[in-house]
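To keep things clear, I will list the structure first and then write my remarks on it.
The values are calculated or read from the model by the stated rules, or taken from the named source; none is laboratory data. Since the structure is predicted, the reported quantities are computational estimates derived from the model, not experimental observations. A quick note on method: Cβ atoms are made from the backbone with ideal geometry, for glycine too, and the neighbour counts reach across all protein chains shown. Ligands, DNA and RNA are excluded from the accessible area calculation, which covers all protein heavy atoms including side chains. Shrake-Rupley method; radii C 1.70, N 1.55, O 1.52, S 1.80 Å.
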Amino acid sequence: MAETTLTRPRPRTGPRTRWSARSIILHVVIALGALAMFFPFYWTLITSLSPGTGLSGTPSFYPANPSIDAYLRLFTDVPFARVVGNSLLLAVITTLAQLFTSATAAYVFSRLPFPGRGVVFGIYLATMMIPLQVLVVPLFAQLRTWGLVDTYFGAVLPTLAAAFGVFLLRQAMNQVPIQLDEAASLDGAGHFRIFWGVILPNIRPALATLAVFAFMGSWNSFLWPLVVLRSPEVQTLPVALAGLQGQYTTQWDIVMAGSVISILPMLALYLFAQKYIIQGVANTGLK
Amino acid sequence: MTGLLSQATATPPVDGPPALGPAVSRRRGSRRLRYALTVLVFLLPSAVPLTLFVLVPMVAAAGISLTEWNLLRPAEWVGFDNYVRLLTNPETAAIFWHTLYYILGYLPLVYVGGLLIALALNTALRGRTLFRGIYFLPVITSWIVVALVWRWLLNPSNGVVNTVLGFFGIDGPGWWTDPAWAMPSIILASAWKDIGFVMVILLAGLQAIDPELLDAARVDGAGPWRRFFSVTLPLLSPATFFVLVISLINGFQVFDQVYAMTGGGPGGATQVVVQQIYDLTFRYGRAGEASALSWMLFIVILAVTVIQIRGQRRWVNYG
């Protein structure tokens, strides 16, 4: 990375488009690709608004007589509001917990040296490589002996800490100049005050990135909630959606209505925090 | 991933332990104790859950894999029987082959597709941000929704794909109901979801390339193909390496989309390793065998990752 800063890249003043034949073809191809990427979302929405779409009937590319019937039935036939609430609750708890546990750990790995710290950090990173599948059976057994199967606690406990967050925030903390700590230290601040008052405000973008990723991870997670949350009242959205499909094999309008509801919060979050999400993904690849 | 691993061993530049100043040596001990306590207080919130819910279960899974256990009755010690049974059962080879089939179909599709999109979006293109947003949209969607939507799009009887194919006089296949087409259906849906992720990683890699290197190659008379294969692609190798490592790790763990699209069917044609772990545990009550299988999966993932990291020196160019 250092090399790229030595030779400064040419200043770019936005994309200058030359409308050559090649450029027009490129635009058309990319636009067609984008259309193909977007079509499944469009189709989901159309289906959810076309009542009674099932085994019979050919699909049409626009809702013939649009209705929100499928959405209403979702909320009357299934405890859907409850399910959405469950997902939201678990996602919020997971996000807050991961922000807290990752930030405190990252502070240790960035600012508080102790013998064997490198080894401990290595163990943290190694936990990222352990597939959830290896853990499912013993985790399930463990939480059952604690009587936590089918409870929010059972669903949320394994998600409280994640090495990815520790790694991400440590990277950000290492960018904060040590002089800031020293200045605060001279003013008599201890580690808790430096952490809270100096470090955290300086890594806000990284905290935002982690928050988005943690929320997204929890909102979309499937295997563990599927295993630990069995009764309909505690189920999360993805699990309930998978169940809906079995229940209403032929009623695609209802299944697609559920899918739309599941996409909406992520879409809102994405529009709101696009910069952080894209940057976060790009950074994980570059580091 | 190598980045991650090398970061782990290299100690980052940090300030030393807190300066003690002209402290009286008697107070030194209590200061040290306070410092140790501070470290503990900061570390425990993450160390406790990671130990209890990752490290302990990891070891426990190894123990369970040596028993016969249906999650209800007390476990029965059987030694390496589960491993022997798995290794001699032709079904095990089949589920690993299905998993590999998924990876072999999915990986070239997302890499080449993601690369082409990234290259296009790295040129002076109108609406770059919008296009990037659209291509990235499936990444934030859950696997379950992706699987359900594609199951509906690829519905053999009246799905939109077969309907459109019908307009052109093509008799569309039975997609997820036909054993020959079920895995390609899953691969298609997965590639659609992940192509935007690969695109962003490769786009970031492309933007880190110094344009002067490409200019120099142009001055030396290198045509566009030569510039791509001799300059761009080698400089993109770290991003390519990252995509490969992550995709392989994720590919071996494929589950959500299989569970929701085919459940391992039809006729076991899409039965992958994780689906088998789930079925063994929660359908057949063979948690011991499931744990043995999950440890086998972990060892395979570890081996593949280590081989990749070892092999990277030959082709990954960190400039």
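Worth pointing out:
Here's the yes/no breakdown for (1) part of a helix (DSSP H, G or I); (2) without any contact (Cβ under 8 Å) to a residue 24 or more places away in the chain; (3) more than 30 Å from B:Gly267 (Cα to Cα); (4) open to solvent by less than 20 Å² (accessible area, probe 1.4 Å):
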site	(1), (2), (3), (4)
B:Leu33	yes, yes, yes, no
B:Thr51	yes, yes, yes, no
B:Ala61	yes, no, no, yes
B:Asn70	no, no, no, no
B:Tyr83	yes, no, no, no
B:Thr92	yes, no, no, yes
B:Ile95	yes, no, no, yes
B:Thr99	yes, no, no, yes
B:Tyr102	yes, no, no, yes
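- Every residue from the range A:63-112 that is without any contact (Cβ under 8 Å) to a residue 60 or more places away in the chain and more than 18 Å from A:Gln251 (Cα to Cα): A:Ala81, A:Gly85, A:Leu96, A:Phe100, A:Val108
- When the range A:146-167 is filtered for residues that are within 11 Å of chain B (Cβ to nearest Cβ) and either of a type in the set (A, V, I, L, M) or farther than 19 Å from A:Thr101 by Cβ (or both), the ones remaining, listed by number, are A:Trp146, A:Val149, A:Val156, A:Leu157, A:Leu160, A:Ala161, A:Ala162, A:Ala163, A:Val166.
- Candidates A:Arg82, A:Arg111: the one that is at pLDDT 85 or above, open to solvent by 60 Å² or more (accessible area, probe 1.4 Å) and among the charged types (D, E, K, R) is A:Arg82.
- Among the criteria (1) at pLDDT 85 or above; (2) open to solvent by 80 Å² or more (accessible area, probe 1.4 Å); (3) facing another protein chain (nearest Cβ under 7 Å), the one A:Phe75 does not fulfil is (3).
- Of the helices (runs of 4 or more DSSP H) lying entirely inside the range B:207-311, those carrying at least 3 residues that are buried (at least 20 other Cβ atoms within 10 Å of the Cβ) are B:237-252, B:256-261, B:273-282.
- Within the range B:116-124, the presence of at least one residue that is open to solvent by 40 Å² or more (accessible area, probe 1.4 Å), within 19 Å of A:Ile278 (Cβ to Cβ), out of contact with any Ser or Thr (no Cβ under 6 Å at 6 or more places or on another chain) and outside any helix (DSSP H, G or I) is confirmed.
- Flag if B:Val145 is closer than 25 Å to A:Ile25 by Cα and in a helix (DSSP H, G or I): no
- Criterion (more than 8 Å from chain B (Cβ to nearest Cβ) and outside any helix (DSSP H, G or I)) met by exactly one of A:Gly217, A:Gly188: A:Gly188
- Of the residues making up the range B:130-173, just one is surrounded by fewer than 20 Cβ atoms within 10 Å (Cβ to Cβ) and charged (D, E, K, R), namely B:Asp171.
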